[in-house]
């Protein structure tokens, strides 16, 4: 693996870093203030301004490997940029690189028809609308996606959808106009991986009802948000089916591979910022007659944090490199490993940073509490730790029959 990036990519990294310093970090306080004022579920003015500035700077749609619709970066080339973006909750959306839109756009690029791309992909790429992803269900253990019970039934020129979803990402945002919905279209198929399909559901379709918004450890993530949603006799045209009936798992695997790289690199960026904050804090505070940075416990935590971050980054970059050179299937063990390692690493580093900040670390005066909640949630998103550990172990056992 070559650890050096070509000049074009290094130059892009520098531009993104400069944009973060000049525009993103200074806007964070204003963003939180605007969300807190009035209707929390309306887009903020500051985010729309940042998006316009990012577009003007040519820092837009930097993801999408193997497509000429983005910046033309490979997974490996995009990974360090994704890390930079992960340092602030504002940056991914500001550059049109945020979940679930990135994954949904990748689905449309890979599996959408020309009509579907025209109607939904183009406005998503332009940042004119946002999107949702509806897969997880409250009534079943969705860590095994074959458990999903929502139904997709053909009725003439339409499909009728029924089911209850939760953690439907992005649906709190009034700009969210399209939902990718996963459900069973052929529940009796002997191949349990061919029972599922994915279909496009316009957000304003009759029968789509938001039951409640779901905060994560007290954070509602407004104006983005996650929700429990009832789909009750929702009728959508048959041409909204993605790729074909029974292809839902195939689409999910194509969607989740790059998405896990993005999540992990953003998490590493979050951990880097937490470590920086910890180092500054312990050098500026005095307890029992000396700086907190002089205590052995503090030094050990800083050292451990640096080693853990470096290990997570190296493995994530290896996974991205393998995806580019050997394909997602060959990289599945590495993808599973980083999905376990990166969020757990971030939870520990951020926890130590919170401890170094004392009581302030628990408050919203610092971004650490939210960062911890987000990192902890990531141990469920795109598959829980246990599922990935099981896959890693099974792949390892195959090497030693």
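Brief remarks follow.
- Of the residues 348, 391, 355, the single one that is at pLDDT 95 or above, more than 23 Å from residue 282 (Cα to Cα), assigned to a helix (DSSP H, G or I) and not assigned by TED's automatic domain parsing to the domain that holds residue 87 is 391.
- Qualifying residue in region 160-180 (condition: touching a helix residue (DSSP H, G or I) at 6+ places or on another chain (Cβ under 9 Å), crowded, with 21+ Cβ neighbours inside 10 Å and farther than 23 Å from residue 221 by Cα): no
- Qualifying residue in region 77-89 (condition: in contact (Cβ under 8 Å) with a residue 12 or more places away in the chain and more than 17 Å from the chain's Cα centre (by Cα)): yes
- Filter pass, residue 189 being assigned to a loop (DSSP other than H, G, I, E, B) and either buried (at least 17 other Cβ atoms within 10 Å of the Cβ) or modelled with pLDDT of 95 or more (or both): yes
- The single condition from (1) within 24 Å of residue 138 (Cα to Cα); (2) surrounded by fewer than 22 Cβ atoms within 10 Å (Cβ to Cβ); (3) in contact with a helix residue (DSSP H, G or I) (Cβ under 7 Å, 6 or more places away or on another chain) that residue 211 fails is (3).
- Of all residues in region 358-372, those satisfying the criterion of being in a helix (DSSP H, G or I) and either crowded, with 17+ Cβ neighbours inside 10 Å or assigned by TED's automatic domain parsing to the domain that holds residue 225 (or both) are 361, 368, 369, 370, 371, 372.
- Failed item in (1) closer than 19 Å to residue 127 by Cα; (2) in a helix (DSSP H, G or I), with residue 11 passing the rest: (1)
- Residue that is surrounded by the fewest Cβ atoms within 10 Å (Cβ to Cβ), among those in region 110-144 that are over 21 Å from residue 183 (Cα atoms) and touching a helix residue (DSSP H, G or I) at 6+ places or on another chain (Cβ under 8 Å): 115
- Residue 330, sole failed condition from (1) buried (at least 18 other Cβ atoms within 10 Å of the Cβ); (2) without any contact (Cβ under 8 Å) to a residue 24 or more places away in the chain; (3) not in a helix (DSSP H, G or I): (1)
Residues are listed down the side, and each one gets a yes or a no for (1) surrounded by fewer than 22 Cβ atoms within 10 Å (Cβ to Cβ); (2) assigned by TED's automatic domain parsing to the domain that holds residue 202; (3) closer than 30 Å to residue 92 by Cβ:
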| site | (1), (2), (3) |
| --- | --- |
| 254 | yes, no, yes |
| 258 | no, no, yes |
| 266 | no, no, yes |
| 269 | no, no, yes |
| 278 | no, no, yes |
| 288 | yes, no, no |
| 291 | yes, no, no |
| 294 | yes, no, no |
| 297 | yes, no, no |
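- Yes/no for residue 284 being free of Cβ contacts under 8 Å to residues at least 24 places away in the same chain and either surrounded by 15 or more Cβ atoms within 10 Å (Cβ to Cβ) or touching a strand residue (DSSP E or B) at 6+ places or on another chain (Cβ under 6 Å) (or both): no
- Criterion: more than 25 Å from residue 137 (Cβ to Cβ), in contact with a helix residue (DSSP H, G or I) (Cβ under 7 Å, 6 or more places away or on another chain) and without any contact (Cβ under 8 Å) to a residue 60 or more places away in the chain - qualifying residue of 353, 369, 346, 393: 369
The values are calculated or read from the model by the stated rules, or taken from the named source; none is laboratory data. Note that the structure is predicted; figures quoted are calculated from it, not measured. Note that each Cβ is placed from the backbone with ideal geometry, even for glycine, and that neighbours are counted across all protein chains shown.
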